[in-house]
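The next block holds one structure in the form of structure tokens; read it before the comments.
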Amino acid sequence: MHKVVDGCAVIWGMNLTEQINADIKEAMKSRDALRLETLRSIRAGILEFEKSGAGRDLTPDDEFKILNSAAKKRRDAIDLYVQNGRTDAAAKEQAELDIIKSYLPEQMSNDDVRAAIAAIISEVGATAPSDFGKVMGAAMKSLKGKADGAVIQSIAKELLG
């Protein structure tokens, strides 16, 4: 079964490696240089994991870590480029980030994150900013892959402050 996402055929049941390889072929055929470059960087992350000596197959959690790491690198680069007035380079990094995000699970809205953290705060009995560590530990475990860590952190600080 196929589903088209951003011009790429997503085949249900494919793991990330198979999906990236199929999408690289599509990007080559369509001569989409930016997409090809981005997908190759993801594949490099996968190959790095495989050669790391972990001695196991790539799990969905490992796939998420690879994609999240690639996305974080792009976000950091965007921040640096914007600070230095390099809007052209920032735009390229943003386009790459958008491609990477298409492989990540959909992110929760800030309102949903706020509600989840409020529930976690009451669950762990946090009452003061000194309980930040307890809240963050539970929040990161509960919201892993569903929300950006920086968003979780800022909302937790806001709700505890």
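When LYS101 is evaluated against the numbered criteria (1) closer than 23 Å to ALA150 by Cα; (2) in contact (Cβ under 8 Å) with a residue 24 or more places away in the chain; (3) touching an Asp or Glu at 6+ places or on another chain (Cβ under 7 Å), which criterion, by number, is the only one it fails?
(3)
I'd like to check something: does region 80-98 contain any residue that is in contact with an Asp or Glu (Cβ under 6 Å, 6 or more places away or on another chain) and surrounded by fewer than 18 Cβ atoms within 10 Å (Cβ to Cβ)?
Within region 80-98 (the criterion being in contact with an Asp or Glu (Cβ under 6 Å, 6 or more places away or on another chain) and surrounded by fewer than 18 Cβ atoms within 10 Å (Cβ to Cβ)), the answer is no, since none of the residues qualifies.
Quick grid of which residues meet (1) aliphatic (A, V, I, L, M); (2) under 29 Å from ALA150 (Cα atoms):
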site	(1), (2)
ALA22	yes, no
GLU26	no, no
LEU36	yes, yes
ARG40	no, yes
ILE46	yes, yes
ARG56	no, no
ILE78	yes, yes
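Can you tell me which residues in region 139-161 are under 19 Å from ALA70 (Cβ atoms) and either outside any helix (DSSP H, G or I) or free of Cβ contacts under 8 Å to residues at least 12 places away in the same chain (or both)?
LYS144, GLY145, LYS146, ALA147, ASP148, GLY149, ALA150
Looking for whichever is in a helix (DSSP H, G or I), in contact (Cβ under 8 Å) with a residue 40 or more places away in the chain and not hydrophobic (A, V, I, L, M, F, W, C) here; the options are ARG74, ARG114. Which one fits? It would help to see each step written out before you state the result.
Details: ARG74 fails: in contact (Cβ under 8 Å) with a residue 40 or more places away in the chain.
Just one listed residue meets the conditions, ARG114.
Hey, ALA71 hits all of (1) in the same structural domain as ARG40 (by TED's automatic domain parsing); (2) surrounded by fewer than 16 Cβ atoms within 10 Å (Cβ to Cβ) but one; which does it fall short on?
The failed condition is (2).
Does ASP62 qualify as being free of Cβ contacts under 8 Å to residues at least 12 places away in the same chain and either of a type outside the set (Lys, Arg) or out of contact with any Ser or Thr (no Cβ under 9 Å at 6 or more places or on another chain) (or both)? Before you say what the answer is, go through the steps one by one.
Values: free of Cβ contacts under 8 Å to residues at least 12 places away in the same chain: no; either of a type outside the set (Lys, Arg) or out of contact with any Ser or Thr (no Cβ under 9 Å at 6 or more places or on another chain) (or both): yes.
The answer is no for ASP62.
For region 34-66, name all the residues that are surrounded by 14 or more Cβ atoms within 10 Å (Cβ to Cβ) and not in a helix (DSSP H, G or I).
Across region 34-66, the qualifying residue is only LEU58.
Exactly one condition in (1) in contact with a helix residue (DSSP H, G or I) (Cβ under 9 Å, 6 or more places away or on another chain); (2) modelled with pLDDT under 90 is false for GLU106; which is it?
(1)
With (1) over 16 Å from the mean Cα position of the chain (by Cα); (2) over 16 Å from GLN94 (Cβ atoms); (3) of a type in the set (Lys, Arg) as the list, and ARG35 as the residue in question, which single condition is left unmet?
(2)
The values are calculated or read from the model by the stated rules, or taken from the named source; none is laboratory data. Keep in mind it's a predicted model, so treat the numbers as computed, not measured. Positions of Cβ are backbone-derived with ideal geometry, glycine not excepted, and every protein chain shown enters the neighbour counts.
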